[in-house]
Amino acid sequence: MNEQDFMKITGRIDERFVNEYQDVPKRHVTSLRKRVSIGVIVAAAMALIIPAGVFAYSLITHRDKVSIYYTEDGVQKLEERLLANGYTVENENIRLTVDVEMCDGNFIQGVYTLTALTEEAKEHISFRARQTKLVYADTGEWIYPTGGYNESADGKAESDGEISISFSCPLDNAYIDSSRPKRVVFFEYAETGETDGYGDRVVEDYTYYKGIYFDLINKINVPTKTLRAEDGSEITLTPYGVSRMDKNWAHPEDEDLTETTIKSFVVISSDGESIDVLSLPITGRVYGQSSTGRFGSGNFSYSFGTVLNIDNISGVKINGVAFMK
């Protein structure tokens, strides 16, 4: 795969154009300044007739940490597509920020950040201490056995008193009533000191996480394509990954629930070129590249680790199985 192949699916600007611009003689720069002055006047006039915010987009709050999961180029694309969430809630100990949240109709995924507001709270936002559960927002009922999945970036998205975490939650399956609002709730487990014959009992502890939660979106907010394999099975393609979810799917009792290893993942561009995603110069080393569930089952999602241009993609081939538009 060469640089041109990469640009086909990322929509990136060829850096040669930037280099050529830098070599423009200074006399052209002087001329450009005059035109910029005229442009400023025109822009000011247009501002009187164009509603404010038409050309603006929201910045992701913790974009440096989110870029660990989606790359800097990917973060910029998320912002340009107005996918910065920005929801924030806090108590006296911890602040929760939902940096980005996306829904493809099968899974909701994104990145949230926990910030310790006190010195004592720092140890309570670690991966070991923090727990999450997926509940119905109207009753608080725990949705089980389906929970809120999340993953770390091996400490790369963690700093003193702050941690950003990637999450992925199924939108609809046999365990979930998709018509009801869903919520991700944060808490800790605390030992009671009592015993029930199997060891110390634990209870949900909300000392540091009182009121810390966020509601999941339930509407598609990203471009999607439906791709089909020869056997008729379908997979959903989005700029940030692929997914599959059968709303009637449930874990078979005899099924191996371990995640399927993605041995190969090839993107087929609109002109028929095959591009190995696992060897892309950016995504190959990004911690956000990950899978949830099992490929070949009714519960599967795979994140590219960046944001691609799906207009330039006609299909994908996962572990040798081709899904085409």
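The values are calculated or read from the model by the stated rules, or taken from the named source; none is laboratory data. Computed from a predicted model, the values in this text were never measured in an experiment. No Cβ is skipped: glycine too gets one built from the backbone with ideal geometry, and neighbour counts run over all protein chains shown.
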Of all residues in the range 240-286 being loosely packed, with under 14 Cβ neighbours inside 10 Å and β-branched (V, I, T), the one that is modelled with the highest pLDDT: T261
Could you check the range 99-176 for strands (runs of 3 or more DSSP E) lying wholly inside it with 3 or more residues that are crowded, with 21+ Cβ neighbours inside 10 Å and assigned by TED's automatic domain parsing to the domain that holds S291? none
Selection status of E80, modelled with pLDDT of 95 or more, farther than 14 Å from L216 by Cα and either surrounded by fewer than 20 Cβ atoms within 10 Å (Cβ to Cβ) or out of contact with any strand residue (DSSP E or B) (no Cβ under 9 Å at 6 or more places or on another chain) (or both): no
Can you find, within the range 206-217, the residue that is nearest to I176 (Cα to Cα) among those that are surrounded by fewer than 16 Cβ atoms within 10 Å (Cβ to Cβ) and in contact with a strand residue (DSSP E or B) (Cβ under 8 Å, 6 or more places away or on another chain)? D215
For the range 57-76, give me each residue that is touching a residue at least 12 places away in the same chain (Cβ under 8 Å), more than 13 Å from the chain's Cα centre (by Cα) and outside any loop (DSSP other than H, G, I, E, B). D73
